[in-house]
2 protein chains.
Amino acid sequence: MHEEFMNLAIEQARTGLSEGGVPVGAALVADGSVLGVGRNRRVQWGSVIRHGETDCLENAGRLPPPVYRRSTLYTTLSPCHLCAGAVLLYRIPRVVIGEHRTFEATEDLLARNGVDVRVLDDAECAGLMREFIERFPGVWDEDVGAGDG
Amino acid sequence: MHEEFMNLAIEQARTGLSEGGVPVGAALVADGSVLGVGRNRRVQWGSVIRHGETDCLENAGRLPPPVYRRSTLYTTLSPCHLCAGAVLLYRIPRVVIGEHRTFEATEDLLARNGVDVRVLDDAECAGLMREFIERFPGVWDEDVGAGDG
């Protein structure tokens, strides 16, 4: 089941890379249904707040608070502080992460706040990120607020 | 100086309330210049990620990472987890808050991460929020992931 939903997130990440964008994708699932998918839009739309996870939540639209509280967020990459903040704001209880080899910042914060965090260590997720970081290191730094720009 | 920039954020919050929206506004300032202003757009645009602070960052657009690191974020209301996450992601070193009487969730988190947090305890900021929460309690709950929807 994790695999089926993670594949939707990976499809988003792949599309992102094909657009020249940061290859992070996400899917929000509740009660066995996909409520939304999304991908990082920094390059495509010049967005500084549409990461994979936040774009996914925006695409899912306004939901009654209890729906978030029984949902799972699938994301190809370990969440940054912005996206972890969205998880905590909406009290999303479970986050399934494709990989955390290329970036990891908030898994402790999420766990301390009671979020169930699982890491699949998926080779394709890591491969997409490695390719992007190698080709566009400046954009990746910008996306995580790092570097001297 | 704080007052001048906070007034821009308050103007955004006032406009938000006049639109029937959550009255939270923000302004991003660096090197004495205003880089962007914004307001919560949940009601106006059906957005779940455009809070006052994140809308402000989005309006400021893509910035070199060092610019964030010498900036100050003015916000009429104490940041939720999403907006605090944006501050941590971009390593914004200072947050000036209009009021935290009607909502407070992340000031400890920000301070623990080295962010300089100041609270002005502004009566108009609190008044705008009290009016909104009284008129639209369900929308306010939705905006902070609370309540039974």
* Structure fact -> Per the filter on the range B:45-57, residues crowded, with 22+ Cβ neighbours inside 10 Å and part of a helix (DSSP H, G or I) are B:Gly52, B:Glu53, B:Thr54, B:Asp55, B:Cys56, B:Leu57
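To keep it simple, each residue is scored yes or no on (1) in contact with a strand residue (DSSP E or B) (Cβ under 7 Å, 6 or more places away or on another chain); (2) of a type outside the set (S, T, N, Q); (3) at pLDDT below 95.
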residue	(1), (2), (3)
A:Gln44	no, no, no
A:Arg69	no, yes, no
A:Tyr74	yes, yes, no
A:Leu77	yes, yes, no
A:Gly85	no, yes, no
A:Tyr90	no, yes, no
A:Ala105	no, yes, no
A:Asp108	no, yes, no
* Structure fact -> Here the residues within the range B:108-149 that are closer than 24 Å to A:Leu109 by Cα, in a helix (DSSP H, G or I) and out of contact with any His (no Cβ under 9 Å at 6 or more places or on another chain) are B:Asp108, B:Leu110, B:Ala111, B:Arg112, B:Asp141, B:Glu142
* For the subset of the range A:49-82 comprising residues that are at the interface with another protein chain (Cβ under 7 Å from one of its Cβ atoms) and in contact with a His (Cβ under 8 Å, 6 or more places away or on another chain), which member is nearest to B:Val139 (Cα to Cα)? -> A:Leu82
* **Neighbours by Cβ (under 6 Å, 6+ apart or cross-chain): first from the range A:120-149, within 11 Å of chain B (Cβ to nearest Cβ) and surrounded by 16 or more Cβ atoms within 10 Å (Cβ to Cβ); second of a type in the set (Ser, Thr, Tyr) and in a loop (DSSP other than H, G, I, E, B)** => A:Gly145/B:Tyr90
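Being more than 7 Å from chain B (Cβ to nearest Cβ), in a strand (DSSP E or B) and without any contact (Cβ under 8 Å) to a residue 24 or more places away in the chain, is that true of even one residue in the range A:3-20? Walk me through it before giving the result.
Taking the range A:3-20 and keeping what is more than 7 Å from chain B (Cβ to nearest Cβ), we get A:3-20.
Those still in the list that are in a strand (DSSP E or B) too: none.
Looking through the range A:3-20, none of the residues is more than 7 Å from chain B (Cβ to nearest Cβ), in a strand (DSSP E or B) and without any contact (Cβ under 8 Å) to a residue 24 or more places away in the chain.
Give the range B:88-103 a look and list any residue that's touching a residue at least 12 places away in the same chain (Cβ under 8 Å) and within 8 Å of chain A (Cβ to nearest Cβ), or say none.
Within the range B:88-103, the first condition is being touching a residue at least 12 places away in the same chain (Cβ under 8 Å), and the residues that meet it are B:88, B:90-103.
B:Leu88, B:Tyr90, B:Arg91 - these are the residues of the range B:88-103 that are touching a residue at least 12 places away in the same chain (Cβ under 8 Å) and within 8 Å of chain A (Cβ to nearest Cβ).
Restricting to the range B:21-34, name every residue that is away from chain A (no Cβ under 11 Å) and farther than 14 Å from B:Val144 by Cβ. Break it down stepwise before answering.
Filtering the range B:21-34 for residues away from chain A (no Cβ under 11 Å) gives B:21-27, B:29-34.
Those that are away from chain A (no Cβ under 11 Å) and farther than 14 Å from B:Val144 by Cβ: B:Gly21, B:Gly25, B:Ala26, B:Ala27, B:Val29, B:Ala30, B:Asp31, B:Gly32, B:Ser33, B:Val34.
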* Selection within the range A:21-40 - more than 19 Å from A:Leu120 (Cβ to Cβ), part of a strand (DSSP E or B) and in contact with a helix residue (DSSP H, G or I) (Cβ under 9 Å, 6 or more places away or on another chain) -> A:Ala30, A:Leu35, A:Gly36
* To do: Scan the range B:59-71 and give yes if some residue there is crowded, with 24+ Cβ neighbours inside 10 Å and farther than 17 Å from A:Val144 by Cα, otherwise no.
  => no
* Structure fact -> When the range B:80-103 is checked residue by residue, the ones that are part of a loop (DSSP other than H, G, I, E, B) and within 12 Å of the chain's Cα centre (by Cα) are B:Cys80, B:His100, B:Phe103
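Which of the following residues is surrounded by 19 or more Cβ atoms within 10 Å (Cβ to Cβ) and touching a residue at least 60 places away in the same chain (Cβ under 8 Å): A:Val29, A:Val37, A:Val24? Show your work before the answer.
Working: A:Val29 fails: touching a residue at least 60 places away in the same chain (Cβ under 8 Å); A:Val37 fails: touching a residue at least 60 places away in the same chain (Cβ under 8 Å).
Matching residue, one of A:Val29, A:Val37, A:Val24: A:Val24.
Which count do you get for residues in the range A:9-21 that are of a type outside the set (Ser, Thr, Tyr) and surrounded by fewer than 18 Cβ atoms within 10 Å (Cβ to Cβ)?
4
The values are calculated or read from the model by the stated rules, or taken from the named source; none is laboratory data. What you are looking at is a predicted structure, and each value in this text was computed from that prediction instead of being measured. Note: ideal-geometry Cβ built from the backbone for every residue, glycine included; neighbour counts use all protein chains shown.
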